[in-house]
Amino acid sequence: MRAETRSRRRWHIAIFLAPAVLVYTALMILPLFGTLKLSLYQQVDQQQVFVGLDNFRTLFGDPNWSESFWRALRNNTWFFFIHMAVQNPIGIAIAAMLSVPALRFKGFYRTAIFIPTILSFVIVGFAWKLILSPLWGIAPDLLKMVGLRHLFHPWLGKEEYALTTIALISVWQFVGIPMMLIYAALLSIPDEILEAGEIDGITGMKAFWKIKLPLILPSIGIISILTFVGNFNAFDLVYTMEGAMAAPNFSTEVMGTFLFRTFFGHQTQPGDPNMGATIAMMMFFIILTGVVIYLFLIQTRMRRYQF
Amino acid sequence: MKNTRLVGLLLATTMFGGTAAWAQTTLTIESWRNDDLSIWQDKIIPAFEASHPDIKVVFAPTAPAQYNSALNAKLEAGTAGDLITCRPFDGSLALFQAGHLADLTDMDVLDNFGPVAKSGWSTDDGSATYCIPMASVIHGFIYNADAFEELGLSVPTTTDEFYALLDKIKEDGSYIPMAMGTADEWEAATMGYANIGTKYWKGEEGRKAVIAGTMKLTEDGWVTAYEELAKWGPYLGDGYEAQSYPDSQNLFTLGRAAIYPAGSWEISGFNAQADFAMGAFPPPVVPGGECYISDHVDIAMGMNAASPNAEAAKTFLEWVGSPEFATLYSNALPGFFSLSNAEVTLEDPLAQQMVDWRKSCHSSIRPFSQILSRGTPNLNTEYWVTSANVIRGTMTPMEASQHMQDALDSWYKPAQ
């Protein structure tokens, strides 16, 4: 009797899991292995030939490829750094301010700050390109009004500023995500703990640093890993603002644009799906490494703070 | 009323179409010229269909940036149209070698075209031609004639006059001397380097010498071209580093800039947008030197080798090679100059002015289009970046030339 119900229950598990497993396998796992396979082949005389790790050797051994790759990786790291240093602290600060009970118009601020997140990259890229345009933009005019016109530069066209500018635009767009997650985490902190702290004389800023911040650390960890994955997959904003050539002089090149140009080709340069897949695999490995480090080194330690 | 008639007509064609003596064939054209959709639909295709009632033609363009990859995918999958608009040189050569484009060498209509016109769509040894040449684009400078009159300026013929002129416009301050930006990079290369540089490397002579390996890109002509380009920065508008291609077009058509380094394809757009008189002048010559222009073979049409309607497609291609098409196309799209040997009169004065340069100047195609952009790094892409860098001043002309030569050396071994 008991054995029968158990086996019936197992059937249920399989049936309920099946749709998700099938869809995930068809849409994620198979293409992933397809990409891996593509990266191990090379086109020779209209035929796909197995070449082992040759494509990876080209990517790292041939200076033409490796320079582009390391440049993209370096730029990606800087892109990520700006997000970690600007987006997440600002997000946390806004969330902390929003959770102050005395603040009015909370709903308005929350919505206003979150709205850019739901906008399309194309709209954001186009709007900011217009705002910062030296010809028709309002940025130079606004600076002129306060007598700071000399501070204006064609930021998107200068090698030394372009990537940072785009990173900051991306920060503007996505600051709502850490804000929302941290805000939710802050609201879930039981009042009893804060009140207990108050009795012991911990109030105001002290309460934030000593009680709230340790309690929201797991959320900050999640945000960091989301930022990491999002940034190393970045492509859209750079593509809409600087084109597939990551102008000026490849200074805004991220792994995404490098992959795009290689895989699909660009203008007279024909696409090379095999090398493109090789770059895609490297992106996958880099992101995988980051996520694994987070899961095994950081998250396991963070559990100790949880109650 | 109109609808019922249409339905009736459709019914009639389905019922009688099959049994009629002339079974109608539908040809589909693959193209990247989505800007020209209305011109094809309203002018070119009706002209063809009028004389060939048994063939129906559909113009189905793709966005330019996606054209090559989309076309490749369609050809691989066997869903591509019957007629393929051909990019010049390697893009189409690869399609021909892969067996996607039919060999058209035997078509008589090819006799209407000269060797330079055919070079864009022939194998390296010239033994096979696989697309019927349609048009080329010419580079030069378009200027605001009203502004020139206002400031009392005359059209420059030498480089000395050209830069004196730019200085004068800059000093006066009411116009931006030249409308060009470096944000999109390709403008700096094609409208800059290829435009003014051709005279330094003596057009075809220098271009072929590099392909043959008898000249290096670090030699005089190629470096001097960058040296002239390096002078441009100060004459471009404030913040030109972030100025995109549409920005430059608008700047000129709004009458805020005096000179526009142009490709002839701009003509129809400028005619529609600008409300001032315009003129054009070829790239100014070095004092005492000869005139060279970049006259780049740009567009042709070939046949999908797997097309089930090969006969009809050939009929259409015969027509594309005819003098009738040359006149029709060049006038419908001023700035796209037919490559046909047939005498074509253009109604647009600006276009006529530009095409007349062919009589007094040596024509040459863009320097790195043939053979030299076959490897990785692709020289056609590299010269976008180096040209933009030279204008921005982040690379010296010598560094740019060295970079180009290094890029070429890394994969190209000239056959000697």
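Out of (1) more than 14 Å from chain B (Cβ to nearest Cβ); (2) under 30 Å from B:Val390 (Cβ atoms), the odd one out for A:Ile286 is which?
Tallying (1) more than 14 Å from chain B (Cβ to nearest Cβ); (2) under 30 Å from B:Val390 (Cβ atoms), A:Ile286 fails exactly one: (2).
Within the range B:168-182, how many residues turn out to be polar (S, T, N, Q) and either within 14 Å of chain A (Cβ to nearest Cβ) or touching a residue at least 60 places away in the same chain (Cβ under 8 Å) (or both)?
1
Condition test on B:Thr386, is it touching a residue at least 12 places away in the same chain (Cβ under 8 Å) and within 14 Å of chain A (Cβ to nearest Cβ)?
Against the criterion (touching a residue at least 12 places away in the same chain (Cβ under 8 Å) and within 14 Å of chain A (Cβ to nearest Cβ)), B:Thr386 qualifies.
Within the range A:55-65, can one find any residue that is small (Gly, Ala, Ser) and away from chain B (no Cβ under 14 Å)? Break it down stepwise before answering.
To start, the set of residues in the range A:55-65 that are small (Gly, Ala, Ser) comprises A:61.
Okay, now just the ones that are also away from chain B (no Cβ under 14 Å), so none.
Scanning the range A:55-65 turns up no residue that is small (Gly, Ala, Ser) and away from chain B (no Cβ under 14 Å).
If you go through the range B:119-132 one residue at a time, do you hit one that is outside any loop (DSSP other than H, G, I, E, B), within 14 Å of chain A (Cβ to nearest Cβ), closer than 19 Å to A:Gln269 by Cβ and within 21 Å of the chain's Cα centre (by Cα)?
No.
Search the range A:118-138 for residues being more than 27 Å from the chain's Cα centre (by Cα) and within 12 Å of chain B (Cβ to nearest Cβ), and hand back the single one that is surrounded by the fewest Cβ atoms within 10 Å (Cβ to Cβ).
A:Trp136
Specify which of the listed residues (B:Ser338, B:Ser330, B:Ser364, B:Ser369) is out of contact with any Cys (no Cβ under 8 Å at 6 or more places or on another chain), within 14 Å of chain A (Cβ to nearest Cβ), surrounded by 19 or more Cβ atoms within 10 Å (Cβ to Cβ) and small (Gly, Ala, Ser).
Just one listed residue meets the conditions, B:Ser369.
If I go through the range B:252-303 residue by residue, how many of them are among the charged types (D, E, K, R), out of contact with any Ser or Thr (no Cβ under 7 Å at 6 or more places or on another chain) and either part of a strand (DSSP E or B) or without any contact (Cβ under 8 Å) to a residue 60 or more places away in the chain (or both)?
1
Residues of the range A:198-247 being within 14 Å of another protein chain (Cβ to nearest Cβ), at pLDDT 90 or above and buried (at least 19 other Cβ atoms within 10 Å of the Cβ), which ones?
A:Val238, A:Tyr239, A:Met241, A:Glu242
Going through the range A:248-261 one residue at a time, which ones are facing another protein chain (nearest Cβ under 9 Å) and of a type outside the set (D, E, K, R)?
Answer for the range A:248-261, where residues must be facing another protein chain (nearest Cβ under 9 Å) and of a type outside the set (D, E, K, R): A:Pro248, A:Asn249, A:Phe250.
Yes/no per residue for (1) more than 18 Å from B:Asn380 (Cβ to Cβ); (2) within 14 Å of chain A (Cβ to nearest Cβ); (3) in contact with a helix residue (DSSP H, G or I) (Cβ under 9 Å, 6 or more places away or on another chain); (4) outside any helix (DSSP H, G or I):
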{"site": "B:Leu166", "(1), (2), (3), (4)": "yes, no, yes, no"}
{"site": "B:Glu187", "(1), (2), (3), (4)": "no, yes, yes, no"}
{"site": "B:Thr190", "(1), (2), (3), (4)": "no, yes, yes, no"}
{"site": "B:Lys199", "(1), (2), (3), (4)": "yes, no, yes, yes"}
{"site": "B:Ile211", "(1), (2), (3), (4)": "no, no, no, no"}
{"site": "B:Glu241", "(1), (2), (3), (4)": "yes, yes, yes, no"}
{"site": "B:Asn250", "(1), (2), (3), (4)": "yes, yes, yes, no"}
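When you scan the range A:207-229, do you find a residue that is more than 21 Å from A:Val100 (Cα to Cα) and small (Gly, Ala, Ser), even just one?
Yes: the range A:207-229 contains one or more residues that are more than 21 Å from A:Val100 (Cα to Cα) and small (Gly, Ala, Ser).
Hey, among A:Lys158, A:Lys210, A:Lys206, which residue is in contact with an Asp or Glu (Cβ under 7 Å, 6 or more places away or on another chain) and charged (D, E, K, R)?
Being in contact with an Asp or Glu (Cβ under 7 Å, 6 or more places away or on another chain) and charged (D, E, K, R) holds for just one of A:Lys158, A:Lys210, A:Lys206, which is A:Lys158.
Based on this model, can you work out whether A:Arg110 counts as charged (D, E, K, R), away from every other protein chain (no Cβ under 14 Å) and either surrounded by 15 or more Cβ atoms within 10 Å (Cβ to Cβ) or in contact with a Ser or Thr (Cβ under 9 Å, 6 or more places away or on another chain) (or both)?
The answer is yes for A:Arg110.
Let me confirm something: among B:Glu185, B:Glu205, which residue is without any contact (Cβ under 8 Å) to a residue 60 or more places away in the chain, charged (D, E, K, R) and assigned by TED's automatic domain parsing to the domain that holds B:Asn250? Write out each step before concluding.
Values: B:Glu185 fails: without any contact (Cβ under 8 Å) to a residue 60 or more places away in the chain.
Residue meeting the stated conditions: B:Glu205.
Take B:Phe89 and tell me if it is within 14 Å of chain A (Cβ to nearest Cβ), of a type outside the set (Gly, Ala, Ser) and at positive phi.
So B:Phe89 passes the test.
Just checking, does the range B:121-139 include any residue being free of Cβ contacts under 8 Å to residues at least 24 places away in the same chain and buried (at least 20 other Cβ atoms within 10 Å of the Cβ)?
Looking for residues that are free of Cβ contacts under 8 Å to residues at least 24 places away in the same chain and buried (at least 20 other Cβ atoms within 10 Å of the Cβ), one finds at least one in the range B:121-139, hence yes.
Within the range A:173-197, which residues are surrounded by fewer than 17 Cβ atoms within 10 Å (Cβ to Cβ) and within 30 Å of the chain's Cα centre (by Cα)?
Within the range A:173-197, A:Ala184, A:Leu187, A:Ser188, A:Ile189 meet the criteria.
Six or more apart or on different chains, Cβ under 9 Å: which pairs go from a residue in the range A:155-167 that's over 15 Å from A:Ala139 (Cα atoms) to one that's of a type in the set (Asp, Glu) and outside any helix (DSSP H, G or I)? Could you list them?
A:Leu163/A:Glu253
Quick one: count up the residues across the range B:43-89 that are among the aliphatic types (A, V, I, L, M) and in contact (Cβ under 8 Å) with a residue 60 or more places away in the chain.
So the count comes out to 8.
So which of B:Ala272, B:Ala189 is of a type in the set (A, V, I, L, M, F, W, C) and within 21 Å of A:Gly157 (Cβ to Cβ)?
Testing whether each residue is of a type in the set (A, V, I, L, M, F, W, C) and within 21 Å of A:Gly157 (Cβ to Cβ) leaves just B:Ala189.
For the range A:189-197, check the following and say yes or no: at least one residue is farther than 17 Å from A:Gly91 by Cβ and either within 14 Å of another protein chain (Cβ to nearest Cβ) or in contact with a strand residue (DSSP E or B) (Cβ under 8 Å, 6 or more places away or on another chain) (or both).
Looking for residues that are farther than 17 Å from A:Gly91 by Cβ and either within 14 Å of another protein chain (Cβ to nearest Cβ) or in contact with a strand residue (DSSP E or B) (Cβ under 8 Å, 6 or more places away or on another chain) (or both), one finds none in the range A:189-197, hence no.
Being part of a helix (DSSP H, G or I), away from chain A (no Cβ under 11 Å), in contact with a Ser or Thr (Cβ under 7 Å, 6 or more places away or on another chain) and aliphatic (A, V, I, L, M) is true for just one of B:Met398, B:Met404. Which residue is that?
Of B:Met398, B:Met404, the one residue that is part of a helix (DSSP H, G or I), away from chain A (no Cβ under 11 Å), in contact with a Ser or Thr (Cβ under 7 Å, 6 or more places away or on another chain) and aliphatic (A, V, I, L, M) is B:Met404.
Within the range B:92-118, take every residue that is among the charged types (D, E, K, R) and part of a loop (DSSP other than H, G, I, E, B) and give me the one that is farthest from the other protein chains (Cβ to nearest Cβ). So that I can check it myself, show each step before the final result.
Residues of the range B:92-118 that are among the charged types (D, E, K, R), as a first pass: B:103, B:106, B:108, B:111, B:118.
Still in the list and also part of a loop (DSSP other than H, G, I, E, B): B:103, B:106.
Values: B:Asp103: 17, B:Asp106: 25 Å.
Within the range B:92-118, the match that is farthest from the other protein chains (Cβ to nearest Cβ) is B:Asp106.
The values are calculated or read from the model by the stated rules, or taken from the named source; none is laboratory data. What you see is a predicted model; the values in this text were computed from it and never measured. Note that we place each Cβ from the backbone using ideal geometry, even for glycine, and neighbour counts take in every protein chain shown.
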